[in-house]
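The values are calculated or read from the model by the stated rules, or taken from the named source; none is laboratory data. This one's a predicted model, so the numbers in the text were calculated from it and none came from an experiment. Backbone-built Cβ (ideal geometry, glycine too); neighbour counts: all protein chains shown. What goes into the accessible areas is simple: the full protein's heavy atoms, side chains included, and nothing from ligands, DNA or RNA. Shrake-Rupley method; radii C 1.70, N 1.55, O 1.52, S 1.80 Å.
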Amino acid sequence: MIRIPFHKMSGSGNDFIVIDNRRPILPDMDVQEFARRVCRRRVSAGADGLILVENSNTVDFKWRFFNSDGSVAEMCGNGSRCVARFAHLKGLCGPDLAFETVAGIVSARVKNNRVKVTMPRPSDLKLDYKIIRQGGGDLSISSVNTGVPHMVVTEFDPDDLDVVALGRELRFHPLFSPAGTNVNFISIHSDKVIHIRTYERGVEGETLACGTGAVAAAIIGVYRFEIPSPVHVVTRSGEMLTIYIERDGNDVLSACLEGGTRLVYEGVLTEEAWQS
């Protein structure tokens, strides 16, 4: 029987299955289907995503990241923080490290359980424009790509909202076709702390946190609401992420994401974990 060691990690409520695949150990099957099956909750290990750590010729390692539906994600902020801590704990690298993603090289610094990652440079920032909803009527949104595309909506109270229903509608909006977008609903409190709820593409539901979404929210906070950097974003899990934004006029020069991580447990996947 094939047995695959893995670690379960959480970044502010985003949870991941992390597998050291530098010496290939996965079963002989489609990797995207493997990801979908082991990320199923209640019948397998369950997670928002699967991270494979693999060899790199240029930096400390590279990853392959898969959403829970098996789709490939270009980037994941909380997953980046978790994999950085995993690599440091396992002796793959020191506390200052870099790894390859589809979105480019990501650098990170690990200090105990806190990890700060430098995100791919944000792009395609568009502020406060109108889209037409499926049922008619318009909605004011902002959007930005923080390694993956994100829509940010400020017209609703996130605490009193059916995030799944509205998120699913907006996630497939024709403006973002064919790939779609992640959808974030934010409110800004009097202390300029942002509260956020996110419908994640690839998970196809609300997650307890989304790192790239928090970065998107922070960028909108800086540009639309003049919130000074660093920006504090409270996720659905109740944990706070800190985002550092460097800007030059209308250009976002850099974005860094910092927060806590958890090594929840270590285990072994048996073949029954990926049986259909």
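Listed values, structure above:
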{"quantity": "Qualifying residue in region 256-275 (condition: open to solvent by less than 60 Å² (accessible area, probe 1.4 Å), assigned to a loop (DSSP other than H, G, I, E, B), small (G, A, S) and in contact (Cβ under 8 Å) with a residue 60 or more places away in the chain)", "calculated": "no"}
{"quantity": "Every residue from region 226-276 that is more than 27 Å from V163 (Cα to Cα) and polar (S, T, N, Q)", "calculated": "S229, N250, S254, T270, Q275, S276"}
{"quantity": "When residues of region 1-49 are limited to those that are outside any strand (DSSP E or B) and hydroxyl-bearing (S, T, Y), the one most open to solvent (accessible area, probe 1.4 Å)", "calculated": "S44"}
{"quantity": "Single condition E54 does not satisfy, out of (1) over 26 Å from G205 (Cα atoms); (2) open to solvent by 40 Å² or more (accessible area, probe 1.4 Å); (3) not aromatic (F, W, Y)", "calculated": "(2)"}
{"quantity": "Residues of region 130-160 satisfying the condition of being out of contact with any helix residue (DSSP H, G or I) (no Cβ under 9 Å at 6 or more places or on another chain) and open to solvent by less than 50 Å² (accessible area, probe 1.4 Å)", "calculated": "G136, G137, S140, P158"}
{"quantity": "Scope region 171-206; condition closer than 22 Å to N67 by Cα, acidic (D, E) and part of a loop (DSSP other than H, G, I, E, B); matching residues", "calculated": "E204"}
{"quantity": "Meets criteria (of a type in the set (D, E), buried (at least 19 other Cβ atoms within 10 Å of the Cβ) and touching an Asp or Glu at 6+ places or on another chain (Cβ under 9 Å)) for E204", "calculated": "no"}
{"quantity": "Residue in region 216-238 that is open to solvent by 30 Å² or more (accessible area, probe 1.4 Å), touching a Lys or Arg at 6+ places or on another chain (Cβ under 8 Å), free of Cβ contacts under 8 Å to residues at least 60 places away in the same chain and among the aromatic types (F, W, Y) present", "calculated": "yes"}
{"quantity": "Among residues of region 108-129, those that are within 19 Å of S12 (Cα to Cα) and surrounded by 16 or more Cβ atoms within 10 Å (Cβ to Cβ), counted", "calculated": "8"}
{"quantity": "Given (1) closer than 23 Å to N14 by Cα; (2) of a type outside the set (A, V, I, L, M); (3) open to solvent by less than 20 Å² (accessible area, probe 1.4 Å), number of the condition F172 does not satisfy", "calculated": "(3)"}
{"quantity": "Odd one out for P27 among (1) within 16 Å of L269 (Cα to Cα); (2) modelled with pLDDT of 95 or more", "calculated": "(2)"}
{"quantity": "Members of region 161-215 found to be polar (S, T, N, Q) and touching a helix residue (DSSP H, G or I) at 6+ places or on another chain (Cβ under 9 Å), listed by number", "calculated": "T181, N182, N184, S187, T198, T207, T212"}
{"quantity": "Selection within region 118-132 - in a strand (DSSP E or B) and either in contact (Cβ under 8 Å) with a residue 60 or more places away in the chain or not β-branched (V, I, T) (or both)", "calculated": "T118, S123, D124, L125, K126, L127, D128, Y129, K130"}
{"quantity": "Given (1) touching a residue at least 40 places away in the same chain (Cβ under 8 Å); (2) farther than 18 Å from D157 by Cβ, index of the condition E206 fails", "calculated": "(2)"}
{"quantity": "Filter result for A209 (part of a loop (DSSP other than H, G, I, E, B), in contact with a strand residue (DSSP E or B) (Cβ under 7 Å, 6 or more places away or on another chain), of a type outside the set (D, E) and surrounded by 16 or more Cβ atoms within 10 Å (Cβ to Cβ))", "calculated": "yes"}
{"quantity": "Subset of region 72-98 [assigned to a helix (DSSP H, G or I), surrounded by fewer than 24 Cβ atoms within 10 Å (Cβ to Cβ) and of a type in the set (A, V, I, L, M)]", "calculated": "A87, L89"}
